[in-house]
Amino acid sequence: MSNPIQMDLVDTTVSAVKSLEPPQSDVLLFKYRDIDSILDQVLLDQTIYFSPPEKLNDPFDCQHDLLGSFRRAIARQDAQRPDLLEALLFHEEKLLEIERAAAASGVCAFSTNLTNPLLWSHYAAGGQGCCVIFRFPQKFFCKIPDVLGLEDVAYDDSGLSRWLWMDAHRYISDEVTNPPDLKRFFTKLNTRMLATKGQSWRYEEETRIIRSTSGPLTVDPKFVAGLCFGMKTSKERIQRVIRRAHQGGLNCSYFQIVKNETDFGLTVRKLDDIEHQDFDLEQRIPIAGMSPQRFAFHELIKRDMAREYLFQEA
């Protein structure tokens, strides 16, 4: 017979976890590109590209000494369950296998911020490019066999070690002698290795789709919810992109970045003379694209719990 106190605790925990995610069943993600990339990759081929770790623009990105990170985590006085981490070191060959698997994985990077001038400057041709607004259903990340998950990037100069000493114990049972029982932990370790960056990259406010292989992935055109043009994108380029989008059968909304009422800030305006505007998207863009979403580790853990619960429900 169930313990009513335990059941109350479970119900309370589930309610708290569910409240951590917005009520929408989809996820808005922003991909900054130059105009030619938009025309060729997104509008013509209708693909997103998963880069191998070795080709990412940060030379430290996804490059980990996994055994060293374990030892640093175990040495911490505030480590959570260092005994479990020590036991995992007996699976050294499996850990090295995860290192190799991470090196062969693919990363598709998105931002959760639409109005950061640095992002427009660095990734959208100095503000002359475009940002694709993707709207992915939650189930998208579960149904493609080689997609390992959606991971918010954690920014910390000791990021992987910190995850090991703070949070890894949630994925490990007390029985750590049988590698098949550790599948959940090894999967999470693999994705966490691919979604941890140094503090200096925090401005990107990045989320990643992680895949077991690199290369292009064809996506349903309906996942392209909108296109947002840069402040310096010429009218001729805007018209060219919109024509191509219409020819490709995209039914999306169009926006452009403009200056806001401060000296250096940006905001988003709708292109009023374009058909096929999505009212729901217009309402969500200011919330999803302008609010700061800088993922501290404690917040990352809560988001991860909520995402796991919702994906199980899906």
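Read-outs: derived from the displayed coordinates by stated rules, not from any lab. Keep in mind it's a predicted model, so treat the numbers as computed, not measured. Positions of Cβ are generated from backbone atoms using ideal geometry, with glycine treated the same way; all protein chains shown enter the neighbour counts.
In segment 204-278, which GluC sites (Glu not before Pro) fall in coil by DSSP and have 14 or fewer other Cβ atoms within 10 Å?
In loop regions of segment 204-278 (DSSP not H, G, I, E or B), the sparsely surrounded GluC sites (Glu not before Pro) are 261, 275.
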* **Alpha-carbon centroid distance for the pair segment 84-163 / segment 32-78, whole angstrom** => 6 Å
* Asked: In nanometres, what is the gap between the two model label sites at residue 128 and residue 96, each 7 Å from Cα along Cα-to-Cβ?
  -> 5.0 nm
* Place the peptides 103-115, 218-230, 80-92 in order of packing, highest mean first, counting for every residue the other Cβ atoms within 10 Å and averaging per peptide. => 103-115, 218-230, 80-92
* To do: Take every Cα pair under 8 Å in segment 126-211 that's 6+ residues apart, average their separations, divide by the length, and report that relative contact order as a whole percent.
  => 46 percent
* lysines with Cα under 23 Å of residue 259, excluding same-chain neighbours fewer than 8 positions away -> 31, 232, 235, 270
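For residue 244 and residue 187, compute 0.36 nm times the residue count separating them, minus their Cα-Cα distance, and round to one decimal in nm. Don't skip to the end; give the middle numbers.
Working: separation 57, 0.36 × 57 = 20.52 nm, distance 3.95 nm.
That works out to 16.6 nm of additional length.
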* Asked: Picking from 67, 134, 89, whose Cα lies most toward the positive end of the charge dipole for segment 34-151 (charges on Cβ: Lys, Arg +1; Asp, Glu -1)?
  -> 134
* To do: Please work out how much length the chain gains when fully extended from residue 203 to residue 146, using 0.36 nm per residue of separation minus the C-alpha to C-alpha distance, in nm with one decimal.
  => 17.6 nm
* **Potential extension, residue 139-residue 251 segment - 0.36 nm per residue separation minus Cα distance** => 38.2 nm
* **Calculated FRET efficiency for the pair residue 173/residue 78, C-beta based, R₀ 25 Å, to 0.05** => 0.70
